[in-house]
Each structure stands twice: as C-alpha cells, then as structure tokens.
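Student: Dumping the structure here so I can ask a few things about it.
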C-alpha cells in the first residue's frame, strides 16, 4: 500500500517517517489494505499517531530550550571576555572563518585599510588568543584581526567580532 492510498482510505496524512512505522504494521497484518486501514482506525491508530507527534514535539521543544539556554550562556561569556579584552584601551575588528585563505585575504585588506596611526593587523589559526573569546579556541578556525588605538584615549574602545561561513 502506498502512503497516498493510506491517506485516501483513512483520511489521515502521516509524514513519510510516520508511515514507515504504519507500513511495518501493515506487513504484519493478515488482510488487505482496506481491512488494515479500518482496523488501524478502529484500534486507535490516529490517536497513537497524535500522541507520538505530541511526544516528539515535546522532546524537540526541550532540546530547543536547552540550546537557547546554551546560547545565552555563550553570549554572556563572550560579552564578559569582550569587556576584559577591550579593558586594555585598544579596539579590535576580528573576522573568524574555517578557511585559511579567506582569513589571509581579509588580513591583507585590513592592512590596506589602515585607518589609524596605531593600526596593526594579523591573521592565523585560533588556538589560544586572549583577544578572541575562548569558546572559539581550538575549533579549527582562522582569524584576521585589526588591533588599533583610535587616536583618542578618551574614546571608549570598540570590539567587533564577525563570524564567516
């Protein structure tokens, strides 16, 4: 029996994944597709399907909530580290990427864009650099960075972090 036939006979439209489970029941059933569909509906198949959907939605919601909490913690950690980093009076523009060639090309551009007298640029692999938040250390990333003093020590330092890819 095809998924479309099952839907036509029962009026229930399961997903392809849900239908795989229904199909297993059908293979074990001793009768034709119409008898199976009638039996499936009479024995609460639709309610079982809805309960499974509810269970799966609840599980995914819990996983999403956990990820959201993890993101909040990561943002707080980055914010804290960022404030510590710019405490030295310098400003930073940092690009992170998984591609070494991209980081090198950006670093070359940063070198050409020298906007302030004290403008240093660099690039390399993110291993353990105190100017880059630790959650990005040893993640197979490369950086391109401009570190500068904006020319006025009375202006609050800035910190820009751009993640490419």
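Derivation of every value follows stated rules applied to the coordinates shown; laboratory data play no part. Note that the coordinates shown come from a computational prediction; the quantities given were computed from them, not determined experimentally. Neighbour counts are summed over all protein chains in view; Cβ atoms, including those assigned to glycine, are modelled from backbone coordinates with ideal geometry.
Student: Take the Cβ-Cβ distance between residue 39 and residue 66 as r, set R0 to 41 Å, and report the resulting FRET efficiency rounded to the nearest 0.05. Kindly include the intermediate steps, with their values, before the conclusion.
Tutor: Details: r = 39 Å, r/R0 = 0.96.
The computed FRET efficiency comes out at 0.55.
Student: Right, something else. Between residue 5 and residue 55, what's the calculated FRET efficiency when r is the beta-carbon distance and R0 is 30 Å? Round to 0.05.
Tutor: Numbers: r = 27 Å, r/R0 = 0.89.
It comes to 0.65.
Student: Have a look at the DSSP beta bridges in the chain and tell me what percent are antiparallel, nearest 5.
Tutor: Details: 15 of 20 bridges.
Of all bridge pairs located within the chain, approximately 75 percent are antiparallel.
Student: Determine, from the Cβ-Cβ distance of residue 18 and residue 100 and an R0 of 45 Å, the FRET efficiency 1/(1 + (r/R0)^6), rounded to the nearest 0.05.
Tutor: Numbers: r = 45 Å, r/R0 = 0.99.
Efficiency computed from Cβ-Cβ geometry: 0.50.
Student: When N is the residue count of region 89-163, what does its C-alpha Rg come to as a fraction of 2.2 N^0.38 Å?
Tutor: Working: Rg = 12.3 Å, N = 75, 2.2 N^0.38 = 11.3 Å.
With N residues counted in region 89-163, Rg over 2.2 N^0.38 Å equals 1.08.
Student: Any idea what angle helix 16-27 forms with the longest principal axis of the chain, computed on alpha-carbon atoms, 0 to 90 degrees, nearest 10?
Tutor: It is inclined by approximately 30 degrees.
Student: Mind checking the angle between helix 100-112 and the chain's longest principal axis? C-alpha axes, 0 to 90 degrees, to the nearest 10.
Tutor: So the inclination is approximately 40 degrees.
Student: Taking 0.36 nm per residue of separation and subtracting the Cα-Cα distance, what length does fully extending residue 32 through residue 120 add? Each step should come with its number before you reach the end.
Tutor: Numbers: separation 88, 0.36 × 88 = 31.68 nm, distance 7.65 nm.
Extra length from residue 32 to residue 120 when fully extended: 24.0 nm.
Student: Here's a follow-up. What Kirkwood hydrodynamic radius, in Å, does the chain give when the mean of 1/r is taken over all pairs of distinct Cα atoms and then inverted? Could the numbers behind the result be given before it?
Tutor: Values: mean 1/r = 0.0482 Å⁻¹.
About 20.8 Å for the chain.
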